[in-house]
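This is the structure I want to talk about, given as C-alpha cells.
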Amino acid sequence: MYQDYEMEFSSAQDLSQQTGTYASTNVIDIGSGNTAKNVGSGSPITIVVTVTEAFASGGSATLTIQPFVNDTANNTSPSILVSSPLLAMADLPLGAEYTYTLPALSERYKSGMRYLGVNYIIATATTTAGAVDARVTVNPQTNG
C-alpha cells in the first residue's frame with residue numbers, strides 16, 4: 001500500500017476520551033477553484049484508519065469514523081463524505097483497519113470545500129484506551 005505521510009490525518013492519535021466529536025490532528029488543504037490540487041489523478045481516493053492501540057471502555061463506548069471536507073481548516077461546518085457504522089470496542093483491537101473510498105470531490109472543491117479531514121465520534125461512554133493512524137492512500141492493501 002502506497003502511503004504519503006504528507007497526506008496523514010492522524011498518527012497514533014489518542015482517542016481515550018469522553019463522549020464527543022474529535023477532529024483528526026491534521027487536515028489536508030487541497031486548494032479550491034482553479035488552484036485545487038489534482039488529488040488522486042482520476043483514481044479513487046481511499047482513507048485508511050488503523051488502530052494503533054486497542055480500544056477499551058469501562059462502559060459500552062462506540063466509535064464512528066467520518067471523513068469530511070470543510071471550507072475552513074478549523075472544522076466548524078464539516079460536510080461528511082461517508083460514515084462508518086457504530087464500531088463497538090470489540091471491533092477495535094490493535095491492528096484493525098477500516099477503509100473508506102471517497103465520493104467524487106471535484107464539485108466540492110469548486111464550492112470552496114478545500115480541507116479534507118476525519119472526525120472521530122465517541123458515544124455512549126468514555127473510552128479508556130485507543131489510538132489510530134489515518135491517511136490517504138491510492139492503492140489500499142487487500143487480503144486476498
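Each value in this text was obtained by applying a stated rule to the coordinates, not by laboratory testing. Since the structure is predicted, the reported quantities are computational estimates derived from the model, not experimental observations. Note that each Cβ is placed from the backbone with ideal geometry, even for glycine, and that neighbours are counted across all protein chains shown.
Give, as a single signed number, the net charge of other residues whose beta carbon lies under 14 Å from the beta carbon of residue 127, with Lys and Arg counted +1 and Asp and Glu -1. Before the final figure, lay out the partial values.
Values: positive: none; negative: 14, 53, 91.
Result for the local shell: -3.
Once phi is turned into ³J(HN,Hα) by the Karplus curve 6.51 cos²θ - 1.76 cosθ + 1.60 with θ = phi - 60°, what whole-Hz value does each residue of region 113-122 show in order, with x for glycine and proline?
Those phi angles translate into 7, 9, 10, 10, x, 9, 9, 10, 10, 9 Hz.
Separate question: Could you list which residues have their amide H under 5 Å from that of residue 15, counting only those 5 or more apart in sequence or on another chain, with H placed in the peptide plane?
Residues meeting the amide H criterion: 130, 131, 132.
Something else: Between residue 12 and residue 129, with labels modelled 7 Å along Cα→Cβ, what's the label distance in nm to one decimal, could you check?
Those two pseudo-labels are separated by 1.5 nm.
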